[in-house]
Amino acid sequence: MDDDGREFSPGVHYLVGGNTKVYGSSLPRLREEDLERTEYPSGVSPAWPFRYADIEPYYGQIEELFRVHGTTGEDPSEPWRSSPFPYPALEHEPYVAETIRRLCDQGLHPSSTAMGVDLRPGGACIRCSTCDGFPCRLGAKSDAQTCGIDPAVATGHVRVLTNAKVDRLVTEKDRVVAVAGERDGEPFRITGGAFVVSGGAANSAALLLGSASDDHPDGVANSTGLVGRNYMVHNNTHIAAVDPRRKNDVVFQKTVAVNDFYRDMGDGFPGGTIQLIGKVQGSMMKTHATKVPLPVLNRIAERSMEWLVMSEDLPSPHNRVTLNKNGQIQVSWRRTNYDRHELLLARTKKILRTAGYVGIAEQRFDIALNSHMCGTVVAGTDPATSVLDPWCRAHEVPNLFVVDSSFFPSSGAQNPALTIGAQALRVAAEVEWERVD
Ligand SMILES: Cc1cc2nc3c(=O)[nH]c(=O)nc-3n(C[C@H](O)[C@H](O)[C@H](O)COP(=O)(O)OP(=O)(O)OC[C@H]3O[C@@H](n4cnc5c(N)ncnc54)[C@H](O)[C@@H]3O)c2cc1C
Ligand code: SF4
């Protein structure tokens, strides 16, 4: 539900492997300064409770695990790294290479997108046209099932319960003692010592809020009232840029990003990133341009190239996930820091026009296009202003961890999945699990 109690259909998918099953596999790191306090004209992006150097080794590990292909030396905003990319960057198809040339002519520095697809020698990826937004039927996309869950299950130490929805964390005083829920219509309850919630930014917050009890009247780990607040989702816009003179025959389009404005738009403040997305077909455009005939959309798609313009949004206590009286998830959301996005969008359009794209259509992300949501159970060092400690452990409930995009104190302006994975490895490695109980 939105703030006015209207239902909407969010871009959230329930799968083993979570939303990485359908994600676009773009796996960049955040930059050093994304984890530091950053001032914008209309607000502040707060510092994280750890620095880039603390998570950097885990970025290297998750890149290895998720078979990330990339290269260094092209991107003016790239952060330092202690290990090279595990695999070389994806080749650009000729249409993309020509566009890169036109961007370079403008003094820009297009760089290869860090991608998680299995294009290792002998790898299973066939570079098809339905990567972004679809599960991979060849198991070649580096998603959390293929790279994380399946290998874990193969060890024999991990069991996955499918079709199981957790409805409640059962607590005794300041401990979680069980999770309770329903599987295939039957109730289940699982007891344990340590509990890790990874339901995604909306569902993790909803689970904590929905597990209120006499000991936790406002929800688990929520005596501050912070659970669910500071919902962020990036300021995103899709652009379809049309050059009627060039037919776009690309199959796998998502190989380039422009990060020249990431740190500075020329006015001393960050702008964000501009990235190619997977090639959009006419039938995909039809879901938004419902009144335009399909043959017309197909003609446009033949000559268009699609981009994502992404800038940072800022945490606000008013942007939040709550449960209404019927137990439904309600999202209160107003755009923040949008002046930066407007500037980056305008600059992007100018660049694309100069590169020969005379027609530009845009789709600004609304409340339903929330694929990059984060920040509802934030990590910090001060229990008065955060729910989790820097290792994602609840300040108030020592055997509860929330390890997903909820912990982000700020959103940066890069795709979130690699950072979620890196922090998961950091938590796994640095918490003394045998002492958690
Ligand atoms: C179409 C699309 C494209 C994207 N492209 C990119 C990209 O290119 N790069 C990038 O970095 N990011 C991308 N993202 C975003 C990325 O997928 C998410 O940031 C990431 O998956 C979030 O991870 P998470 O662990 O927070 O939650 P999720 O991936 O949402 O995982 C949550 C899991 O918990 C389960 N769950 C939720 N509630 C319950 C419950 N009550 N009981 C039991 N299970 C529950 C869900 O079924 C799901 O399996 C994309 C997302 C989408 C939708
Ligand atoms: S085969 Fe297609 S869907 Fe699978 S990883 Fe490669 S490009 Fe993506």
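The values are calculated or read from the model by the stated rules, or taken from the named source; none is laboratory data. Small disclaimer: the values here were computed from a predicted structure and weren't measured. A quick note on method: Cβ atoms are made from the backbone with ideal geometry, for glycine too, and the neighbour counts reach across all protein chains shown. Note: accessible area is taken over every heavy atom of the protein model, side chains too, but ligands, DNA and RNA are not part of it. Shrake-Rupley method; radii C 1.70, N 1.55, O 1.52, S 1.80 Å.
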* Select from region 415-426 the residues that are more than 16 Å from ligand 2 (Cβ to nearest atom) and part of a loop (DSSP other than H, G, I, E, B) and list them in ascending order. => P416
* Structure fact -> How many residues of region 153-178 are closer than 12 Å to F195 by Cα and touching a residue at least 60 places away in the same chain (Cβ under 8 Å)? The answer is 4
* **Cβ pairs under 7 Å, 6+ apart, first in region 127-152 and without any contact (Cβ under 8 Å) to a residue 40 or more places away in the chain, second open to solvent by less than 50 Å² (accessible area, probe 1.4 Å) and more than 8 Å from ligand 2 (Cβ to nearest atom)** => G139/T146; A140/G123
* Structure fact -> Apart from one, (1) near ligand 2 (Cβ under 10 Å from one of its atoms); (2) farther than 30 Å from K349 by Cβ; (3) under 23 Å from the mean Cα position of the chain (by Cα); (4) not aromatic (F, W, Y) all hold for Q145; the odd one out is (1)
* To do: Determine whether T72 is closer than 17 Å to L27 by Cβ, open to solvent by 60 Å² or more (accessible area, probe 1.4 Å) and either modelled with pLDDT under 95 or away from ligand 2 (no atom under 12 Å from the Cβ) (or both).
  => yes
* To do: Find all pairs meeting these conditions: Cβ atoms under 8 angstrom apart; at least six residues apart or on different chains; first residue within region 51-69 and open to solvent by less than 60 Å² (accessible area, probe 1.4 Å); second residue of a type in the set (K, R) and part of a helix (DSSP H, G or I).
  => I55/R426; Y58/R426
* Residues satisfying the stated conditions in region 109-128, i.e. more than 15 Å from ligand 1 (Cβ to nearest atom) and closer than 16 Å to K279 by Cα -> I126, R127, C128
* So which residues in region 131-167 are more than 9 Å from ligand 1 (Cβ to nearest atom), basic (K, R) and either open to solvent by 50 Å² or more (accessible area, probe 1.4 Å) or part of a loop (DSSP other than H, G, I, E, B) (or both), if there are any at all? -> R137, R159
* Of all strands (runs of 3 or more DSSP E) completely enclosed by region 320-398, which ones contain at least 2 residues that are closer than 20 Å to M310 by Cβ and of a type outside the set (S, T, N, Q)? -> 359-364
* To do: Among residues belonging to region 428-437 that are in contact (Cβ under 8 Å) with a residue 60 or more places away in the chain and not in a loop (DSSP other than H, G, I, E, B), point out the one that is nearest to R393 (Cα to Cα).
  => W433
* **Leading residue by the ranking (nearest to ligand 1 (Cβ to nearest atom)) among those in region 86-108 that are buried (at least 18 other Cβ atoms within 10 Å of the Cβ), part of a helix (DSSP H, G or I) and hydrophobic (A, V, I, L, M, F, W, C)** => V96
* Would you call S9 farther than 21 Å from L308 by Cβ, open to solvent by 40 Å² or more (accessible area, probe 1.4 Å), away from ligand 2 (no atom under 16 Å from the Cβ) and of a type outside the set (A, V, I, L, M, F, W, C)? -> no
* Which listed residue is surrounded by fewer than 22 Cβ atoms within 10 Å (Cβ to Cβ), away from ligand 2 (no atom under 16 Å from the Cβ) and on the phi > 0 side of the Ramachandran plot, from G375, G327, G412 -> G327
* **Tabulated pairs, region 378-398, first of a type in the set (D, E), second surrounded by 22 or more Cβ atoms within 10 Å (Cβ to Cβ) and not in a loop (DSSP other than H, G, I, E, B), C-beta under 8 angstrom, 6+ apart or interchain** => D389/A379
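For every residue, the table says whether it meets (1) touching a Pro at 6+ places or on another chain (Cβ under 7 Å); (2) under 15 Å from G272 (Cα atoms); (3) touching a residue at least 60 places away in the same chain (Cβ under 8 Å).
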position	(1), (2), (3)
D3	no, no, yes
E7	no, no, no
G18	no, no, yes
R29	yes, yes, yes
E32	yes, yes, no
* Has region 189-200 got any residue that is of a type in the set (S, T, Y) and without any contact (Cβ under 8 Å) to a residue 40 or more places away in the chain? -> yes
* Scanning for something under 26 Å from the mean Cα position of the chain (by Cα), over 28 Å from A424 (Cβ atoms), outside any helix (DSSP H, G or I) and more than 13 Å from ligand 2 (Cβ to nearest atom), does region 109-126 turn up at least one residue? -> yes
* Mind checking which strands (runs of 3 or more DSSP E) fall wholly inside region 180-276 and carry at least 2 residues that are surrounded by 16 or more Cβ atoms within 10 Å (Cβ to Cβ)? => 195-197, 235-242, 256-258, 273-276
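One line per residue, one yes/no per condition, for (1) within 21 Å of Q275 (Cβ to Cβ); (2) within 13 Å of ligand 1 (Cβ to nearest atom):
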| site | (1), (2) |
| --- | --- |
| T354 | yes, no |
| I360 | yes, no |
| V377 | no, yes |
| D382 | no, no |
| C392 | no, yes |
| E396 | no, no |
| S410 | yes, no |
| Q414 | yes, yes |
* Asked: Among (1) over 25 Å from the mean Cα position of the chain (by Cα); (2) surrounded by fewer than 17 Cβ atoms within 10 Å (Cβ to Cβ); (3) among the β-branched types (V, I, T), where does I351 come up short?
  -> (2)
